[in-house]
Amino acid sequence: MRRLYACLIALSVSCGSAAAVRAEESVDLLKQPWSFDGLFGTFDRGAAQRGFQVYKEVCSNCHAMSLLYYRNLTALGFSADEVKAIAADYKVQDGPNDQGEMFDRPARPSDSFAKPFANEKAARAGNNGAYPPDLSLITKARKGGADYVYSILNGYGDAPPGVTVADGMNYNKYFAGHQIAMPQPLQPNQVTFADGTAASLPQEAHDVVTFLSWAAEPELEARKRIGLEAILFLIVFTGMLYAVKRKVWAAVH
Amino acid sequence: MQTARRHNALIRWIDSRLPFVSFMEHELHEYPTPKNLNYWWNFGSLAGIMLVVMIVTGILLSMHYVAHVDLAFNSVEHIMRDVNGGWMLRYLHMNGASMFFIVVYIHLFRGLYYGSYKNPRELLWILGVVILLLMMATAFMGYVLPWGQMSFWGATVITNLFSAIPLIGNDIVTWLWGGFAVDQPTLNRFYSLHYLFPFLIVGVVLLHLVALHTHGSNNPLGIDRKGPQDSIPFHPYYTVKDLFGLGVFLIVYAALVFYAPNFFGEPDNYIPANPLQTPPHIVPEWYFLPFYAILRSTPDILFIPAKLAGVILMFGSILILMVLPWLDTSKVRSATFRPIYKQLFWLFVVDVAALEWCGSQPPEGSALLIGRVATAYYFIHFLIIVPLLGKLERPLPLPTSIGTPVLQGGGAAGGSSARMEKP
């Protein structure tokens, strides 16, 4: 037996060192204290609205968000009229009309977000062969989630000496392989925030990631609120069941 | 019949024609149960409840899901975003699968520790293994339905296993796919079977219960009940104890669903399936990782190529459980009275945990080496240790009855588990 235990300890030590080697290869992400973290997390509406502005003015030139509808924006604190006005800025194809023809009309709140490219081929043709991914679920679809997207947006810079970046690629500290097809999307003061917030790069990145996190998990606030109620109820209820169990079993013990 | 006499005339009238009330009273109220069952015996009823939760949430989800390669991913997101309470249904179902496997694995290891598979409960145990196999098939096909990257590539890898079968392997894979790749026919049939299999499980669970009620539950001492003094009626004693256990279980389940719904998930499955782009690491769900580790760490064995050998050992690792009642030569059921088996049981638990870890790692370097050692030990445990130990080990003296275990010599060793009942 003792020899078996010794083998096990040796195995676990070798596992630990292997994990340590692997960890050195990846870079620690920039961690942010997000408003939607924790048991009581909610989306900071101001940040999410600013983030939507960043998406609208910058990201949406290349990235679709096909799972979102303009009507969803009311959840960020935009009024019904504001949402109508936002949607009306976009054209969508509708039809066929009574003459059997397709026609363009301004988007309505019930329409999904307009896409920058008609299809994947068009998107690749416009982006040096790379396909800008749909951002609807981006914070759920990447390891590291919101922190990962935030890190990518802040991770651009000159390649360290000795690293050559391929033609048409860009150096990013946090991207796997450090070469990313997307040029640095956000610069300081790239947007002028409607609420007067200073548009530093970390601020823009923080706000757009708050918006993208809401887009990926619009149910988050309801989920955490109902979860708290459900768990508090269950704790009380289970406590009562334990008391009943003690009482029923009292005679057996 | 006698018990039904207490009820009113209508119930008596029905009961004499369809003895439902008598049946329930006999199987639930009067059903004699050992008085010393500890909390590890809660997991059978929890598994039954999880089966019901999965069927109910699954039926509701199926009212909104679309089994089409172009629509499946978005229909799941439609459930998450637009269906009232849809996110809760979907997270209950998705995490319910994980909770179901946690419960069933604990139930299985409890059987291994207390020797619940031994005479006269061999068929009860075999039916349990059949349920496990059906659950695995159901869970695998369910994971394909959202049609994300892991769904698609997981389905491709696992169905490709059948190509390891000599001569007819490739034809079988084409037959399973309904085409020459994982595509629309595959998704459609997986959806159909994912809906069917839970009801097959219900059928086998009923047989499992019939077999259980024939000889009654095993117990932590592993000795037979000697008389009425060793038994208590199932209701109210174990109904209330199971309900309390259910409450604790639901707190854990709710914490997962509401606060970490993607804890067991892979981020890649929130990327729509793309047959042209293979993810860097294809990992199955956590409950398959030990078996995946066995599959991937198996080398060429004699003239059998590694792939076929891996598939044989992977399926063998589950099927071997079916013959365990005959591999185990010990007449003593409970590990409480088997000092060496008790230690080797925990070593086996560590072995399965090591396989779980190896399954999550790329099969190279130390992970591959540990995977090979752990795979070998898995089979050594069942094929060599368990049969030999029954002959070589000297068990502690068994108590004469469930009512008086602590007065006996074996009481000290068995005390902890037998007394767990007392708060």
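The values are calculated or read from the model by the stated rules, or taken from the named source; none is laboratory data. Since the model is a prediction, treat every value here as computed from it, not as a measurement. Glycine also receives a Cβ, built like all others from the backbone with ideal geometry; neighbour counts cover every protein chain displayed. Just so you know, the surface numbers come from the protein's heavy atoms only, side chains and all, with ligands and any DNA or RNA stripped out. Shrake-Rupley method; radii C 1.70, N 1.55, O 1.52, S 1.80 Å.
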Summing both sides, how much accessible area is buried between B and A? Use a 1.4 Å probe and give Å² to the nearest 100. 4000
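Write down the Å³ per residue value for the convex hull defined by the alpha carbon atoms of region A:97-241. Show your work: numbers first, answer last.
Values: hull volume 34.2 nm³, N = 145.
Looking at region A:97-241, the number lands at 236 Å³ per residue.
How big is the Kirkwood radius of region B:93-198, worked out from every pair of different alpha carbons and given in Å to one decimal?
15.6
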From phi via Karplus (6.51, -1.76, 1.60), per-residue ³J(HN,Hα) for region B:390-395 in Hz, x at Gly/Pro: x, 8, 8, 6, 9, x
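Using only alpha carbon positions, build the gyration tensor of chain A, then give the equivalent ellipsoid semi-axes as the square roots of 5 times its eigenvalues, largest first, whole angstrom. Can you show the working numbers first?
Details: eigenvalues 350, 212, 69 Å².
Over the Cα atoms of chain A, the semi-axes work out to 42, 33, 19 Å.
Based on alpha-carbon positions alone, could you give the equivalent ellipsoid semi-axes of region B:35-266 from the gyration tensor, as √(5λ), descending, whole Å?
Working: eigenvalues 265, 108, 35 Å².
Values for region B:35-266, descending: 36, 23, 13 Å.
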Counting only other chains, and only Cβ atoms inside 10 Å, what mean value do you get across the residues of A:227-235? 5
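Which whole-number percent is the relative contact order of region B:290-403 (Cα, under 8 Å, 6+ apart)? Let's see the in-between values first.
Details: 122 pairs, mean separation 42.3, N = 114.
Dividing the mean separation by the residue count of region B:290-403 yields 37 percent.
Rg to Rh for region B:17-162: what is it, with Cα atoms only and Rh by Kirkwood? Please report the intermediate quantities before stating the final value.
Working: Rg = 19.3 Å, Rh = 18.0 Å.
A ratio of 1.07.
When the convex hull of the Cα atoms of chain B is projected onto a plane and the area is averaged over all directions, what value comes out in nm²? Don't skip to the end; give the middle numbers.
Details: hull surface 98.2 nm².
The orientation-averaged projected area of the Cα hull of chain B comes to 24.5 nm².
Taking a temperature of 37 °C and a viscosity of 0.692 mPa s, what whole-number D in µm²/s does Stokes-Einstein yield for region B:290-403 with Rh from Kirkwood over alpha carbon pairs?
On the way: Rh = 15.3 Å.
This corresponds to a translational diffusion coefficient of 214 µm²/s.
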Surface per residue (accessible, 1.4 Å probe) for the protein assembly as shown, Å²: 49
Computed over region B:156-306, the relative contact order (Cα-Cα under 8 Å, seq sep at least six) in percent reads 7
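Determine the equivalent ellipsoid of region A:170-253 by diagonalising the alpha-carbon gyration tensor, then write out the semi-axes as square roots of 5 times the eigenvalues, largest first, rounded to whole Å.
Details: eigenvalues 560, 69, 17 Å².
Each semi-axis is √(5λ); the values are 53, 19, 9 Å.
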Which lysines have a Cα less than 22 Å from the Cα of B:Lys342, not counting those fewer than 8 places away in the same chain? B:Lys118, B:Lys331, B:Lys391
Report the Cα centroid-to-centroid distance between region B:377-406 and region B:119-166 in angstrom, as an integer. 31
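Helix-only mean residue ellipticity at 222 nm, chain B, DSSP H runs n ≥ 4 weighted -39,500 (n - 2.57), per residue, nearest 500. What is it? Kindly include the intermediate steps, with their values, before the conclusion.
Details: 17 runs with 255 residues, N = 423.
Calculated at 222 nm, the ellipticity per residue is -19500 deg cm²/dmol.
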Aspartates and glutamates within cross-link reach of B:Lys35: Cα-Cα under 15 Å, excluding same-chain residues under 8 positions apart? B:Asp224, B:Asp230, B:Asp242, B:Glu421
Mean-square fluctuation maximum in Gaussian network of chain B, Cα pairs under 10 Å, restricted to B:Val157, B:Val248, B:Val204, hits B:Val248
Going by amide H atoms built from the backbone, whose H comes under 5 Å of the H on B:Ile232, apart from near neighbours? B:Thr33, B:Lys35
Rounded, prolate or oblate: which fits region B:234-349, taking a ≥ b ≥ c as square roots of the Cα gyration tensor eigenvalues, rounded meaning a/c under 1.5, else prolate when a/b beats b/c? oblate
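Give me the inter-chain shielding for A:211-221: mean count of other chain Cβ atoms within 10 Å, whole number please.
Working: counts 0, 0, 0, 0, 1, 3, 5, 4, 9, 2, 0.
Mean inter-chain Cβ contacts per residue within 10 Å come to 2.
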Per residue of B:290-296, count partner chain C-beta atoms within 10 Å of its C-beta, then hand back the mean as an integer. 0
Straight distance only, please: which lysines reach the Cα of A:Lys224 with their own Cα at less than 29 Å, same-chain residues fewer than 8 apart left out? A:Lys31, A:Lys56, A:Lys140, A:Lys143
Can you list the residues, at least 5 places off or on another chain, whose amide H is less than 5 Å from the amide H of A:Val92, using H built in the peptide plane? A:Arg105, A:Ala107
In the Gaussian network model of chain B, springs joining C-alpha atoms below 10 Å, which of B:Tyr259, B:Tyr292, B:Tyr191 carries the largest mean-square fluctuation? B:Tyr259
Quick one: Cα centre-to-centre distance for region B:264-316 and region A:186-240, in angstrom? 36
Give the distance, in whole Å, between the Cα centre of region A:152-170 and the Cα centre of region B:8-23. 80
All alpha-carbon distances of region B:16-83, grouped into 10 Å bins from 0, give the whole-percent distribution 16, 24, 23, 16, 18, 3
With Cα springs under 10 Å, the Gaussian network model of chain A assigns the largest mean-square fluctuation among A:Ile138, A:Ile235, A:Ile180 to A:Ile235
Mean Kyte-Doolittle hydropathy of -1.0 or higher plus an axial Cα length of 30 Å or more: which whole DSSP H helices in chain B meet both? B:86-114, B:122-144, B:184-215, B:234-259, B:339-360
Long-range amide H partners of A:Asn172 with built H, under 5 Å: A:Gln179, A:Ile180
Average projected area [Cα convex hull, the protein assembly as shown], square nanometres: 39.7
How do the peptides A:121-133, B:142-154, B:43-55, A:156-168 rank, highest first, by the average count of neighbouring beta carbon atoms within 10 Å per residue? B:142-154, B:43-55, A:121-133, A:156-168
